Amino acid sequence: MKSRHKKLALIGGALAVIGIIAALVLNALNSNIALYISPTDVAAGKAPADRLFRIGGLVKDGSLARQADGVTIAFVVTDTEHDMLVHYKGILPDLFKEGKGVVAQGRLAADGTFTASEVLAKHDENYMPPEAAKAVGDAHARAAEKKAAEDAPVTPTAPPTASN
């Protein structure tokens with residue numbers, strides 16, 4: 001084999017190895033990404049099946065229910081337009097409260113509830129996770145548009161006149 005052919009074979013082999021490494025890294029990153037989806041998007045069927053994702057919003061007042069074991073909790077996350085029931089088994093953050101912002105990471109169960117593997121709460125009085133704040137703001141905007149459309153005055157139109 002000529003020197004030139006050896007160099008080309010070496011370069012081709014190196015490119016193949018780099019390609020395989022890049023494919024493995026991208027696959028690992030893709031399987032560890034958790035998308036953010038609002039409860040409204042989940043209700044619209046935009047939630048990925050069999051993949052981790054995050055939902056966020058406000059913990060609905062009066063929705064927190066603890067089981068007798070003390071670590072199994074159910075609560076409702078709302079973006080003020082749609083609600084989603086969340087089941088979580090574990091210790092909640094100290095700042096987790098009803099009416100406050102929360103982001104939960106987990107999977108959608110077959111019955112339509114969200115089974116969380118991790119719950120994140122806000123860290124001070126002025127903070128809400130950006131994704132949750134956007135979802136709540138979008139829901140408020142849609143509700144305002146809907147109310148404005150319902151409250152719009154209906155103007156009667158005059159019947160057409162026949163002109164012969």
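Among the residues of segment 76-100, those identified as farther than 16 Å from Ser38 by Cβ and either of a type in the set (Lys, Arg) or in contact with a strand residue (DSSP E or B) (Cβ under 7 Å, 6 or more places away or on another chain) (or both) are His87, Tyr88, Lys89, Leu92, Pro93, Leu95, Phe96, Lys97, Glu98, Gly99, Lys100. Here Thr72 passes the criteria (1) within 16 Å of the chain's Cα centre (by Cα); (2) under 15 Å from Ser117 (Cβ atoms) except the one numbered (1). Taken together, the criteria place Val76 among residues that are surrounded by 13 or more Cβ atoms within 10 Å (Cβ to Cβ), hydrophobic (A, V, I, L, M, F, W, C) and in contact with a Leu (Cβ under 8 Å, 6 or more places away or on another chain).
Are any residues in segment 1-44 within 30 Å of Val77 (Cα to Cα) and open to solvent by 60 Å² or more (accessible area, probe 1.4 Å), and if so, which ones? Across segment 1-44, the qualifying residues are Leu29, Asn30, Ser31, Asn32, Ile33, Leu35, Tyr36, Ala43, Ala44. Among the residues of segment 107-164, those identified as open to solvent by 80 Å² or more (accessible area, probe 1.4 Å), among the hydrophobic types (A, V, I, L, M, F, W, C) and at pLDDT below 70 are Val154, Ala158, Ala162.
Each row is one residue, and each column tells you yes or no for (1) touching a residue at least 40 places away in the same chain (Cβ under 8 Å); (2) in a strand (DSSP E or B); (3) of a type in the set (Ser, Thr, Tyr).
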{"position": "Asn27", "(1), (2), (3)": "no, no, no"}
{"position": "Ala49", "(1), (2), (3)": "yes, no, no"}
{"position": "Arg54", "(1), (2), (3)": "yes, yes, no"}
{"position": "Gly62", "(1), (2), (3)": "no, no, no"}
{"position": "Val76", "(1), (2), (3)": "no, yes, no"}
{"position": "Glu81", "(1), (2), (3)": "yes, no, no"}
{"position": "Val86", "(1), (2), (3)": "no, yes, no"}
{"position": "Phe96", "(1), (2), (3)": "no, no, no"}
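The values are calculated or read from the model by the stated rules, or taken from the named source; none is laboratory data. Only a predicted model underlies this, so the values are computations on that prediction, with no experimental measurement involved. Note that we place each Cβ from the backbone using ideal geometry, even for glycine, and neighbour counts take in every protein chain shown. When the accessible area is computed, the model is the full protein with side chains, heavy atoms only, and any ligands, DNA or RNA have been set aside. Shrake-Rupley method; radii C 1.70, N 1.55, O 1.52, S 1.80 Å.
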